[in-house]
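The structure appears below as structure tokens.
The values are calculated or read from the model by the stated rules, or taken from the named source; none is laboratory data. Computed from a predicted model, the values in this text were never measured in an experiment. Ideal geometry is used to build each Cβ from the backbone, glycine not excepted, and the neighbour counts take in all protein chains shown. With ligands, DNA and RNA removed, areas are computed over all heavy atoms of the protein, side chains included. Shrake-Rupley method; radii C 1.70, N 1.55, O 1.52, S 1.80 Å.
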Amino acid sequence: MKALIYLYKQLVDNYEHIITFVKRDIKNMRVDTKLGLFWVIFPPLVPLSVFIGLAALNVISKSADMPFVLYIVIGITIYRFMTQIITTTVNIFKSERGAIKNFNIPLVVLILSKNAITFFHLIFRLILVIFVVMYYGVELRLDWFLIPIIFIFMTMFSLSIGVIFAFKNLLYKDYAKGLNLMMVYLLFVSSVIFPFPKDNLLGIINSFNPFNTYVDFIRGIFYHGINYVNYTVLGITSLISVVLFVYACNLIYHAQYKVKSVL
Amino acid sequence: MMNDKILEVKNLYKKHYNDDETKYKYAKNILTTFSTTNENEVPMLEKGEYWSLEDISFSLNKGDSLAILGDRSSGKSLLLKLLTNRLYPDYGTIISPSNSTVLEELRLGINGHLSVLENLYLKAALVSISKKTVLNNIDNILKFAEFDRDVLNTQWKYLTSDSKNKIMYSFLVNCKHDFFVVDGLTHIGDTEFANKCKDMIVQVSEDSTFVIATRHSRKVKHICNKLLILDKGKMTFFGEIEEGLKNYDS
């Protein structure tokens with residue numbers, strides 16, 4: 001609790017600086033490009049078009065209860081958000097090495113400002129997702145109120161994984177490399193592009209894969225409403241996310257100054 | 001008098017390492033030791049470690065300005081980092097003002113794609129200075145750096161190297177915190193501008209808690225009243241500057 005309050009205070013004290021860092025990153029994103037912000041949409045479009053093509057050719061199995069374009073668009077948007085947060089956070093000691101080593105900027109401020117770009121991407125992409133959802137005849141519904149709540153837990157989970165692996169990566173670079181490989185593998189078992197079978201033992205185990213839970217439930221709420229959600233699984237996943245988040249905050253609280261001696 | 005103390009360092013020890021194995025051990029320790037306080041007694045040196053600072057104790061009262069003298073690798077910059085809370089000691093305590101302005105590599109943290117004003121804000125964020133302070137001092141910053149307001153919208157990368165240093169120097173001395181630290185005296189611009197910088201440093205040393213680390217004793221004679229001499233991480237003198245310089249120069 002002490003760590004959470006301390007980090008929260010650091011965020012409040014530095015909110016103005018966070019905005020400055022975010023503006024820097026947004027400006028950097030647009031530097032020397034003609035298409036600027038459109039690069040937010042282009043990268044996910046590549047795997048999207050490939051997977052939609054494969055599904056159309058019946059190379060990969062389609063979801064029976066949802067149009068496969070919708071299935072893949074929502075799946076990739078959410079999965080990409082999670083992996084982007086994780087990757088950005090894992091690389092924080094590399095991307096902000098100078099600031100961490102030479103200034104007194106709290107680590108939590110740097111982590112949050114670096115990830116702000118990912119949130120910015122998410123909002124941009126979610127607007128497009130909503131258009132796609134509506135194109136398939138789904139009307140705006142009150143059930144969607146649960147989505148931002150799930151997003152909070154999903155962000156906590158992704159940030160925590162990123163922080164833990166960022167510190168682990170100080171020991172051996174293998175941690176980040178391994179995690180990157182793992183995230184490629186997880187794409188195929190997290191119901192991102194095709195449904196993972198739920199009725200066998202592997203499926204039951206996989207229902208506790210947080211990537212699978214978050215992707216599947218958010219997409220389910222978008223299309224079917226809140227009745228789609230298995231609250232036991234969501235509760236357990238959220239609890240795991242909170243526990244990991246508290247651990248990650250403690251790690252930052254206790255190690256953010258010590259870490260300078262190994263950078 | 002205790003109340004006048006603005007900076008106090010007691011039995012400060014800082015280890016350093018010179019091999020990957022020890023670095024790995026440090027990194028492992030970070031992940032396993034959930035403690036923000038350092039040890040109760042001076043830790044033992046282990047294989048691959050050496051003391052980069054050893055048993056440093058001194059204090060400064062309000063109005064004091066300190067010069068840290070020493071050869072290369074004597075631990076001057078490291079001591080400054082510890083005093084400004086940018087590093088943690090392995091043992092000992094440091095009581096120092098929470099916010100400090102550090103005049104060292106001027107262009108650290110700057111982004112070439114941003115404008116001059118945006119870079120001032122960025123640097124301000126890195127050294128914990130508010131935007132309001134920057135805006136309140138913008139005229140002084142530009143006046144000292146010898147630029148007019150038009151420069152604020154110029155992209156940083158199109159400035160000359162000298163102009164960049166002048167602007168950053170001017171920003172740091174005009175928006176400073178009460179604790180001002182200088183790591184080496186850098187020569188900026190032509191002789192006239194360099195003299196202006198020297199005068200500014202004298203002024204800063206008079207109205208803030210001031211610490212400077214350098215290898216050149218003659219440069220600090222007229223700025224500081226206290227002297228700390230470091231030799232291979234050990235403090236060989238702390239006291240009045242006149243007395244200390246006699247030892248150092250001889």
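Summary table below
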{"quantity": "Filter result for A:ARG24 (more than 14 Å from chain B (Cβ to nearest Cβ), without any contact (Cβ under 8 Å) to a residue 60 or more places away in the chain and either assigned to a helix (DSSP H, G or I) or open to solvent by 30 Å² or more (accessible area, probe 1.4 Å) (or both))", "calculated": "no"}
{"quantity": "Some residue of the stretch B:91-109 being more than 22 Å from A:VAL262 (Cα to Cα), facing chain A (nearest Cβ under 10 Å) and surrounded by 19 or more Cβ atoms within 10 Å (Cβ to Cβ)", "calculated": "yes"}
{"quantity": "Of residues in the stretch A:122-148 being without any contact (Cβ under 8 Å) to a residue 60 or more places away in the chain and touching a Ser or Thr at 6+ places or on another chain (Cβ under 9 Å), the one most open to solvent (accessible area, probe 1.4 Å)", "calculated": "A:LEU126"}
{"quantity": "Test: residue in the stretch B:31-42 that is open to solvent by less than 40 Å² (accessible area, probe 1.4 Å), in contact with a helix residue (DSSP H, G or I) (Cβ under 6 Å, 6 or more places away or on another chain) and within 13 Å of chain A (Cβ to nearest Cβ)", "calculated": "yes"}
{"quantity": "A:THR88 being among the hydroxyl-bearing types (Ser, Thr, Tyr) and either within 14 Å of another protein chain (Cβ to nearest Cβ) or over 30 Å from B:SER98 (Cβ atoms) (or both)", "calculated": "no"}
{"quantity": "Out of B:LYS157, B:LYS166, B:LYS81, sole residue that is open to solvent by 40 Å² or more (accessible area, probe 1.4 Å), assigned to a helix (DSSP H, G or I) and without any contact (Cβ under 8 Å) to a residue 40 or more places away in the chain", "calculated": "B:LYS81"}
{"quantity": "Selection from the stretch A:1-21 of residues that are more than 9 Å from chain B (Cβ to nearest Cβ), of a type in the set (A, V, I, L, M, F, W, C) and open to solvent by 50 Å² or more (accessible area, probe 1.4 Å)", "calculated": "A:MET1, A:LEU4, A:ILE5, A:VAL12"}
{"quantity": "Among the candidates A:ILE240, A:ILE205, A:ILE152, residue that is β-branched (Val, Ile, Thr), more than 30 Å from A:PRO67 (Cβ to Cβ), open to solvent by 50 Å² or more (accessible area, probe 1.4 Å) and more than 14 Å from chain B (Cβ to nearest Cβ)", "calculated": "A:ILE240"}
{"quantity": "Failed criterion for A:TYR223 (all others in (1) more than 14 Å from every other protein chain (Cβ to nearest Cβ); (2) open to solvent by less than 50 Å² (accessible area, probe 1.4 Å); (3) more than 19 Å from the chain's Cα centre (by Cα); (4) not polar (S, T, N, Q) hold)", "calculated": "(2)"}
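Listed here are the residues, each with its yes/no results for (1) among the small types (Gly, Ala, Ser); (2) touching a strand residue (DSSP E or B) at 6+ places or on another chain (Cβ under 7 Å).
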position: B:ASN61; (1), (2): no, yes
position: B:LEU79; (1), (2): no, yes
position: B:ARG86; (1), (2): no, no
position: B:SER100; (1), (2): yes, yes
position: B:GLY112; (1), (2): yes, no
position: B:THR133; (1), (2): no, no
position: B:ASN153; (1), (2): no, yes
position: B:LYS164; (1), (2): no, no
